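Report on the following structure.
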Amino acid sequence: MGEAVTIWLLSGIGVYASAFMFAKARRDERGLLAEPSVVQTPAARTIAGLPNSAFGLAYYPLVSLGALAGLWINAARVATLAGATLAALFSVYLAYSLLFVTRRACPFCWTGHLANWIIWAACLHMLLFCPNN
């Protein structure tokens with residue numbers, strides 16, 4: 001149960017970070033940003049030209065539901081871990097880009113990456129060590 005609570009709390013943080021960055025990406029699209037930002041880089045729109053934050057807005061609610069279902073259904077734990085693994089790997093790629101390619105500070109990006117990595121660990125722990133109810 002503790003893993004699910006951790007996932008829910010981190011998902012709330014992730015939704016906030018994603019919403020902030022999505023709003024910033026929208027402001028950039030309208031030419032309203034006064035300062036340079038990571039949302040203006042190619043790495044900010046890695047899949048199909050959509051802002052990465054849009055995927056966060058979908059991912060965090062889904063992983064929260066998966067954690068809830070995983071309290072009773074083992075297959076939900078497996079599916080949630082699979083999604084969390086993809087998100088964690090995507091965060092590794094984006095973190096590398098922040099550090100070595102764009103070289104820009106982005107506290108909201110790092111917040112999302114850290115949330116993704118901890119969510120992945122919580123999903124793995126939930127699958128391996130929590131008894132089926």
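The values are calculated or read from the model by the stated rules, or taken from the named source; none is laboratory data. Here the structure is a predicted model, which is why all the values come from computation and not from measurement. No Cβ is skipped: glycine too gets one built from the backbone with ideal geometry, and neighbour counts run over all protein chains shown.
Remarks
- With respect to the conditions (1) touching a Cys at 6+ places or on another chain (Cβ under 9 Å); (2) without any contact (Cβ under 8 Å) to a residue 40 or more places away in the chain; (3) surrounded by 22 or more Cβ atoms within 10 Å (Cβ to Cβ), Thr85 lacks only one, and its number is (3).
- Checked against (1) closer than 19 Å to Cys109 by Cα; (2) touching a residue at least 24 places away in the same chain (Cβ under 8 Å); (3) more than 13 Å from the chain's Cα centre (by Cα); (4) surrounded by fewer than 16 Cβ atoms within 10 Å (Cβ to Cβ), Gly49 passes all but a single condition, namely (2).
- Long-range neighbours under 6 Å by Cβ, at least six apart or interchain, first residue under 10 Å from Cys109 (Cβ atoms) within the range 17-40, second in a loop (DSSP other than H, G, I, E, B) and at pLDDT 90 or above: Val38/Cys106
One line per residue, one yes/no per condition, for (1) in contact with a Leu (Cβ under 8 Å, 6 or more places away or on another chain); (2) closer than 17 Å to Ile118 by Cα; (3) small (Gly, Ala, Ser):
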{"residue": "Leu10", "(1), (2), (3)": "no, yes, no"}
{"residue": "Pro42", "(1), (2), (3)": "no, no, no"}
{"residue": "Gly49", "(1), (2), (3)": "no, no, yes"}
{"residue": "Ser53", "(1), (2), (3)": "no, no, yes"}
{"residue": "Tyr59", "(1), (2), (3)": "no, yes, no"}
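- Matching residues, the range 1-40, being in a loop (DSSP other than H, G, I, E, B) and aliphatic (A, V, I, L, M): Met1, Leu32, Leu33, Ala34
- Residues considered: Arg30, Arg26. Of these, the only one that is surrounded by fewer than 21 Cβ atoms within 10 Å (Cβ to Cβ) and in contact with a Pro (Cβ under 9 Å, 6 or more places away or on another chain) is Arg26.
For every residue, the table says whether it meets (1) charged (D, E, K, R); (2) assigned to a helix (DSSP H, G or I); (3) free of Cβ contacts under 8 Å to residues at least 12 places away in the same chain; (4) touching a Pro at 6+ places or on another chain (Cβ under 8 Å).
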site: Ser91; (1), (2), (3), (4): no, yes, no, no
site: Tyr96; (1), (2), (3), (4): no, yes, yes, no
site: Arg104; (1), (2), (3), (4): yes, no, no, yes
site: Gly112; (1), (2), (3), (4): no, yes, no, no
site: Cys123; (1), (2), (3), (4): no, yes, no, no
site: Pro131; (1), (2), (3), (4): no, no, yes, no
